[in-house]
1. Residues of region 319-451: accessible area per residue at 1.4 Å, in Å²?
2. In the structure displayed, which of Lys50/Lys300; Lys274/Lys362; Lys40/Lys274; Lys40/Lys394; Lys34/Lys152 lie more than 32 Å apart, Cα to Cα?
3. Under 14 Å from the Cβ of Met390, count the other residues' Cβ atoms, weight Lys and Arg +1, Asp and Glu -1, and hand me the total.
4. Could you order the peptides 424-434, 173-183, 349-359 from most to least packed, using the average number of other C-beta atoms within 10 Å per residue?
5. What accessible area per residue comes out for region 32-102, rounded to a whole number of Å², with a 1.4 Å probe?
6. Tell me, how many Å apart are the Cα centres for region 219-233 and for region 160-213?
7. Sorting check: for 333-342, 436-445, 187-196, which peptide has the highest mean count of neighbouring beta carbons within 10 Å, and how do the rest follow?
8. Could you work out what % of the accessible surface of region 271-320 is carbon and sulfur, using a 1.4 angstrom probe and leaving DNA, RNA and ligands out of the count?
Amino acid sequence: MSNKGFVGFLFVQFALFSVLSHAQVYREGEVIVKLKGDAKSTSAASFVGKVQMEKQMSLSKSWMGMNLHHFKASSGHTTQELLEMYKADPAVQYVEPNYVFSKMDVQEADSVTGLSESQAQASSSSGGFSHNTAPIQAEDAWSVLSANAAAKPIVAIIDTGVDYGHTVFQQSSAIWQNDDEIAGNGLDDDGNGYVDDIRGWNFVGDNNDPSDDNNHGTHVAGIVLGIGQDIVSTVPRAESRILIMPLKFLDSQGSGATSDAIEAIHYAVNNGAKILNNSWGGPSYSAALHEAVAYAYSAKAFFVAAAGNSSSNNDSTPIYPAGYNVPGLAAIASTTNTDSLSFFSNFGLATVHVGSPGSSIKSTLPGDTFGFLSGTSMAAPAVSGIAALMMFEKPDMNGFQIKNIIFSGSNSVVGLSGKVNTESRINVFNAVRSAQTSSVDPSQPAYTISVDQFSRDLASAMDGGAACGLVKALGSSSGALPYLTLILLALPFALYLHARVRKTGSNRRRHDRFVVDTEVAIAVGDRMLSGRVNSISTGGARFQAEDLIERGSVVTMIITSPDGSGRIEVQGNIVWSEQNQQCGVQFSPDKLVKATVEAWTRDLKKEAL
């Protein structure tokens, strides 16, 4: 087929959900800056010194391994002013606000019972205490667990803190103890940067007491422990096979800043935690937090994240950290005891991985009590608990292998069909038995957050800049930005089938690119913006626009075949190419998408550039 003799029609609709779809909340007057090069270089030291002296900024924290620095304004500068100030600095790779994230439960405890009352209730029931009534086979797994292990796996509860004095945790010896620290001597005995951190850390109050002043973290910790043993009815309680590391970064209202989340992740990894439970999140993409999650992956830890409770599709409207594509991360949806998706749970065939019971889960609450909570916050720690039991059996397993075993051993359920990637709900017994019989595989896929993918323009140009433009400035710290839904509607266009062959050598193309030319319209509230799509390939679309949304926004591209017989959907992000000085939509389609596009273009004659 001649490429000049065919004119087809391709209908494309972009549904763009900006990271501003929900009001972005952040700490006013604070930014996180990523510097170029080595953190120990003269230029990095010079920048930090200049910021503090000339700009009247205070350096709150540095993560030298990532060359990330958290600054607070002492001169009254707003976040907008700080972003503008640093985005053009040649030493800066990116700068972003210090975003705020929140816990993910959807209801308060509808009934709270004391320790003795809970024990009596459990004893009077036919089955004793159970995590929930869904057939996850937790108790079946208990019967096959090994009696001893070389070391107890550590699960970091990155949350509102934990009531570590709760009888359940004390009698089972479940709270992690920092044996390298001498309690109460006012010294940093182990040299990890924290004084007297004998059982974790409070990043909100910057002290060594990670007590729970909310109830969320204690409930989460009880779920993790309860996957491996009866935490209510059995007295005296058996010694725990795992250890809980309390890390408080969410305050009494259940909110916490990116800077504290990063610090908690680093603490967990650097102090031996191999499983990190994260029952929190928010709509704001943070490149700095992304790097912290990647740091945990580089340490071969398993990062478990709640998918969210807004009943929405994370494929098109992501939340973070669940939305990061780090190989060692598992995003967890909530299911009911009848294996349907909980009404509140987020989902996503591409970005949410597996279902786990999260509706009306009974667990520990502060003050030696128990109660019921619901949410993906409750679903995630069940997965963390499974991972801990697996690591109890095979301490050398890395998080990536554990994740894959959990997924492969999950039960396929109709209620999750088309909703999560595995279309399955967790099974404790299957995961534990597979861990016992599997050989340890120390390998894991390489993963790097490249500058090209997450450049300074993703974060530092959020308040404007060349080429892409911006629909609206960032929301205020009070979250006053109105709710925005951004829809980019592409008109039907002729597809000029000039398929370009791939170049050889260093300029070799990763994707065949097809030239298109279509006008597009973007509806933003009562405004209508205009633009033009220039080309499309299996790697993305390139466009020009007079005024468009910010880089980093999530894009769902719906493509209809030239003959109108088929349709596919692929996701990506708004990106900026320094080399081409153009904006584009960058996406990484799966094998099915790639095969579909190739089938549509199979008969085209490719011609050289």
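1. Result: 30 Å² of accessible area for each residue.
2. Lys50/Lys300; Lys40/Lys394; Lys34/Lys152
3. +4
4. 349-359, 424-434, 173-183
5. 44
6. Centre-to-centre (Cα) distance: 20 Å.
7. Sorting 333-342, 436-445, 187-196 by mean packing, highest first, produces 333-342, 187-196, 436-445.
8. C and S atoms contribute 55 percent here.
The values are calculated or read from the model by the stated rules, or taken from the named source; none is laboratory data. Just so we're clear, the structure is a prediction, and the values are computed from it rather than from any experiment. A quick note on method: Cβ atoms are made from the backbone with ideal geometry, for glycine too, and the neighbour counts reach across all protein chains shown. We work out accessible area using only protein heavy atoms, side chains counted, and drop any ligands, DNA or RNA first. Shrake-Rupley method; radii C 1.70, N 1.55, O 1.52, S 1.80 Å.
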